[in-house]
Structure formats: C-alpha cells, structure tokens
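Worksheet: the structure to be examined is printed underneath.
The values are calculated or read from the model by the stated rules, or taken from the named source; none is laboratory data. Quick caveat, the model's predicted, so the values are computed rather than measured. Glycine gets a Cβ as well: all are built from the backbone with ideal geometry, and neighbour counts include every protein chain shown. Note: areas computed on protein heavy atoms with side chains; ligands, DNA, RNA excluded. Shrake-Rupley method; radii C 1.70, N 1.55, O 1.52, S 1.80 Å.
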Amino acid sequence: ETVDEAEFLKLIKEENYVVALFCPSGSLERCEEFEGELTSIREDMIDMMDGDAWVVKLLDSPFVQEFAVGKTEQPVIVMFRNGLPVIYDGPANEEIMLDTLVRYKEPGVQELTDHTFEHLTQAATGATTGDWLVMFITSSCQLCNRLTAAMETVACQHRGRSNVARVNKETYGEKTGRRFGLGLEDKPDIILFRGGKMYRYTADKYDPESLTSFLTVSYSDQTAEDIPLPKSALSDLVQLCVDYLTAYPLLVGTCLLLPVLLLVAFLLIMGSDEEHKPRKSKKKKKEEQKEKKESRKDK
C-alpha cells in the first residue's frame, strides 16, 4: 500500500508494527523486487506479529533521511516497533526477509546510566559480560537521533553475541561521559569495550554495515586504550569545569569575570563616597577640642 507522509507518520505513531519500503525514483526496478518479496511474506508476517502489522511504500520520501544515514539512493526497508525504527539491510529474498523481520521484533539497544554502566558492562574489571558497543549522545544531537535505526540494526543482528547500548552524556550518563573525556559536543561518540580495552569509532560512515564491521573486525585498526576507572568526586568536578570551559568559553568567561567587575565597581563606589565626605581643617579641629575642654571645666 502506497501512503503519503501524513499517513505514514500517523501509522508509526499509532500502530505496533509498521514495515515501510522507501523507494527512490532512480531505483524503481530494485524497488519492485523488494516490494514483490514483501507482498509475498505480508500475511505470514502479520500472523507472526500477533495480527498487528502494516506494510507500506513511500516514493521519494525525505523521511528516509531521518532513519538511514548514507546509501539512501537504494531502496531502504525500515520496520517500526511502536515507533522505534530498525533497518532491514538484507537481500530481496522472502525467506531471509521474513526470518529477519521477525527476529527484529523486539528492541535491541539498551539504555545505560551512571548507575548501571559499570554494573552491566563490567568495563573496568575485565569485560566479563561480553563486548559492548556504546554510543554516547546528547538530547539535541540530530545525527544521534538519525543513528537510532542503525544501532538497533546492529543490536538485533548480534543479539546474544554482543551488546549494544547508548548513554546520554548530558543527563543520566553525564559522569560516565566525563569518565571517558567526551565533552559536551552535539555529536555521537561510539566506543567499543572489548577484552578490558576500549576502541573509538573514527569513521564518518554510519550505516549498519560499517558499524558491524567495526564491532567485529575493523576495531583492531584503532588504538587500544586502557579503560579509565570511574572518576573521584574531585576529579569529576574538575572535568566538568573543563568540559563547560571548552564547550561554552564565552559564557564561562563572563560568569568568572562578573564577580570581579562587581567587586571593582563596589570599591569604586566606596572610594567615591569617601572623597565626597567633607574634611575638617586643623584649625577647626583645635577649636572643637578647646570647646570640649571649656565645657568640661564648666561642669
């Protein structure tokens, strides 16, 4: 069923499962292949999704950029589970497609916080819980939001073998973000924790294939770093100040300069008041002292 953007947004908001085929007009022949396979598995997929699934098609929709980073010149299939996207990046084969979409039924990415990060990952104590691919995000990072589907795809593909998670480094995971010196920039920081070491993702490709390659193979091309222990309260405070100074130098500089300016202004005002007070001459002081002595004698 072909739908427009308004119908599509309503479906992913209200329905439990929606499979959307995004078709670029420059690749219609390839789109027809995927559309034919989706039509073949539609009834079986609906049964396996508890009778609650939609299969729709969008032509030249700009919304594909919200869920897939790169390679959007080809057909893209995205399944939404209560609004949470995951990308199908397999072949146009009905058996593989049905098996994959059913396995992707449940979310795969875990949400970690300052309280759960070390407990679940065991990163600093030998990684006894397996490998962890973690994306550190900020709430206002647009690219981070666009990578939700790609990270879900990697998580679902490697469920039971590797762990995939994300941490908001400016809210519930701010201390963990400072632990790894990630700063406050609005960009995704992706780190693989493996075998007691950490590897930073430095590529500029964010499709599921590139992320999977990093998780399984190409991580070894990066520098293996020692995993730092959680910071002490004092070290964390120092790192917090450094992060804010780096991210907001003008704001921090203004805040630091303001008390100094207020102190200088106060001293200038007090000095001005002293200058305006009338000074008594020596002659007048002697007369006052003489009057005081005479008044004492009279008493």
request  = Could you list all residues from the range 219-236 that are open to solvent by 30 Å² or more (accessible area, probe 1.4 Å), farther than 12 Å from ARG194 by Cβ and assigned to a helix (DSSP H, G or I)?
outcome  = ASP221, ALA233, LEU234, SER235
note = Over the range 202-211, the set of residues open to solvent by 30 Å² or more (accessible area, probe 1.4 Å) and either at pLDDT 95 or above or not in a helix (DSSP H, G or I) (or both) is THR202, ALA203, ASP204, LYS205, TYR206
Verdict on THR116 being out of contact with any Leu (no Cβ under 9 Å at 6 or more places or on another chain) and surrounded by 15 or more Cβ atoms within 10 Å (Cβ to Cβ) = yes
note = Checked the range 67-118 for anything in contact with an Asp or Glu (Cβ under 6 Å, 6 or more places away or on another chain), assigned to a loop (DSSP other than H, G, I, E, B) and at pLDDT below 95; matches are GLY70, LYS71, ALA92
task = Would you be able to tell me the number of residues in the range 49-87 that are free of Cβ contacts under 8 Å to residues at least 40 places away in the same chain and touching a strand residue (DSSP E or B) at 6+ places or on another chain (Cβ under 7 Å)?
result = 2
request  = Report, by residue number, each residue of the range 128-170 that is open to solvent by 20 Å² or more (accessible area, probe 1.4 Å) and in contact with a Lys or Arg (Cβ under 8 Å, 6 or more places away or on another chain).
outcome  = GLY130, ASP131, LEU143, ARG159
ask   = Based on what the data block shows, is GLU185 touching a residue at least 24 places away in the same chain (Cβ under 8 Å) and buried (at least 18 other Cβ atoms within 10 Å of the Cβ)?
value = no
request  = For the range 95-107, enumerate the residues that are open to solvent by 20 Å² or more (accessible area, probe 1.4 Å) and touching a helix residue (DSSP H, G or I) at 6+ places or on another chain (Cβ under 6 Å).
outcome  = LEU98, VAL102
task = Look through the range 43-65, keep the residues that are open to solvent by less than 60 Å² (accessible area, probe 1.4 Å) and part of a loop (DSSP other than H, G, I, E, B), and return whichever of them is nearest to PHE22 (Cα to Cα).
result = SER61
request  = Name every residue in the range 8-30 that is open to solvent by 80 Å² or more (accessible area, probe 1.4 Å) and within 23 Å of ARG103 (Cα to Cα), in order of residue number.
outcome  = LYS13, GLU14
